[in-house]
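Read-outs throughout are calculated quantities, based only on the coordinates presented, and are distinct from any laboratory measurement. From a predicted model like this one, the values you see are computed outputs, not experimental measurements. Heads up, the Cβs are rebuilt from the backbone with ideal geometry, glycines too, and the neighbour counts pull from every protein chain shown.
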């Protein structure tokens, strides 16, 4: 009997460690006076358990391979029952090989993170049916986080997961909640997903792969990582300039501009100026962050 129990424990432990995400969840409600701390704490645990205990792929991740991510959810109002209006900041990162540094892959603000939740309930997961907005929101971001992580290890490696996120969008559109439709604004979940699957932005996705696997992951051994990053920049110049204000490049470059500047600062002055000129054309919105390359 003890042997059977031990086997069950091992199987359960193995299953727990197979998940993809290592999510930290923080819920804030600074302006909501009618919500109690135990309610916030319970909701925080429930969301964290949903993200960390569900499997969003068929792959088994080792504990060290799980993707670090964070969800900071700010509740703006609560109706005293199950209705919450909120916004969220979602971040994810991946480690740089042979270093203690984690590089940001996603840093996205979602102003329409509204949901219904009954105290004490669990959040169910399905990738085939719409269950609730909170389930759809968390599933969408789980797939998006995994997709970006895959893109950083294999060229266009995240497509399968971006398509899974697209399916979540399609299922959620009839719910009436904001952020799932093209007409809900230009900076929402619909458009981010549309961008990552749009061939117009294939160069950006290819750059994510080159920047991380051929660039950052090679920096600790030699300078070929720097060469690879600079060599990948001209492809970005081929992107449609009218598309640069779209949400995918906007979110990506806003989170990476400072890091790119710090990394490329190791180049000689001639190469730094070359990189600066390309980056200024590719990402004029963050040109101020690239000024350090001219010094």
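Among 217, 151, 240, sorting on how many other beta-carbon atoms sit within 10 Å of each Cβ, with the fewest leading, yields 240, 217, 151.
Mean-square fluctuations from a GNM of the chain, with a 10 angstrom spring cutoff on Cα atoms, peak among 190, 113, 97 at 97.
Considering helices alone, the calculated mean residue ellipticity of the chain at 222 nm is -14000 deg cm²/dmol, with DSSP H runs of length four and up weighted by -39500 (n - 2.57) and normalised per residue. A convex hull fitted around the alpha carbon atoms of the chain yields 155 Å³ per residue. Taking Cα atoms only, the orientation of helix 247-264 departs from the longest principal axis of the chain by about 50 degrees. Is the shape of region 209-283 best called rounded, prolate or oblate, per the rule: a/c under 1.5 gives rounded, else a/b larger than b/c gives prolate, else oblate, with a ≥ b ≥ c the square roots of the Cα gyration tensor eigenvalues? Because a/c hits 1.5 or more and a/b exceeds b/c, region 209-283 counts as prolate. In this rough spin-label picture, where each label sits 7 Å from Cα along the Cβ direction, the residue 274-residue 100 distance is 3.4 nm.
Simple spin-label estimate for residue 182 and residue 122 gives 3.9 nm between the two label positions (7 Å along the Cα-to-Cβ direction from each Cα).
Label sites at residue 72 and residue 240, each approximated as a point 7 angstrom past Cα along Cα to Cβ, lie 3.4 nm apart. The angle separating the long axis of helix 269-282 from the principal Cα axis of greatest extent in the chain is about 50 degrees.
Quick check: the distance between the Cα centres of region 125-190 and region 221-295, to the nearest angstrom? When both Cα centres are located, 28 Å separates them.
Relative to the dominant Cα principal axis of the chain, helix 37-53 is inclined by about 70°.
Antiparallel beta bridges, as assigned by DSSP with both residues in the chain, represent about 70 percent of the total such bridges.
Provide the gained length on full extension for the span residue 107 to residue 28, in nm with one decimal, where the gain is 0.36 nm per separating residue minus the Cα-Cα distance. Let's see the in-between values first.
Numbers: separation 79, 0.36 × 79 = 28.44 nm, distance 1.80 nm.
Between residue 107 and residue 28, full extension yields an extra 26.6 nm.
Between residue 65 and residue 173, full extension at 0.36 nm per residue minus the direct alpha carbon distance yields a gain of 35.6 nm. Calculated FRET efficiency, residue 35 to residue 281, Cβ-Cβ distance, R0 = 51 Å: about 0.60 to the nearest 0.05.
The GNM of the chain, with springs linking C-alpha atoms under 10 angstrom apart, assigns the highest mean-square fluctuation among 98, 54, 195 to 98. Put in line by how crowded their Cβ is, counting other Cβ atoms within 10 Å and starting with the fewest, 140, 101, 276, 211 read 101, 276, 211, 140.
Relative to the compact globular guide of 2.2 N^0.38 Å, what is the alpha carbon radius of gyration of region 95-247, as a ratio? Relative to the 2.2 N^0.38 Å estimate, region 95-247 comes out at 1.18.
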